[in-house]
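These notes are about the structure you will find just below.
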Amino acid sequence: MRKHLTHEAEARALIREPFVSSADLEPDHGGAGTVSIRIHRMASPVHDRAIALLLEDLTAAKFRHPETGHIFIYQLI
């Protein structure tokens, strides 16, 4: 988050928000081998932009589910 926010304390607080906010998990049953993780928007547009950039980075890293091997796709909705 440091590359998206300038204040370390703000970045630390913001990184906790997705863990306590609502999210939708949707495995792809069509054979694409993905799981979409849709995190609901934050309290402010500034936080939304920072979280959206973080989610882009996470998606680009192509993390996989440890049991199924499905690739996680993160989105802010």
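Among the residues making up segment 52-77, those that are within 19 Å of R12 (Cα to Cα), at pLDDT 90 or above and within 8 Å of the chain's Cα centre (by Cα) are A52, L55, E56, L58, L76. Of everything in segment 13-32 that is among the aliphatic types (A, V, I, L, M) and modelled with pLDDT of 85 or more, the residue that is farthest from Y74 (Cα to Cα) is A32. Within segment 1-57, the set of residues being small (G, A, S), farther than 30 Å from E67 by Cβ and surrounded by 15 or more Cβ atoms within 10 Å (Cβ to Cβ) comprises A11, A50.
The values are calculated or read from the model by the stated rules, or taken from the named source; none is laboratory data. In this text the structure is predicted, and so the values were computed from the model without any measurement. Here Cβ is always computed from backbone atoms with ideal geometry, including for glycine, and neighbour counts include all displayed protein chains.
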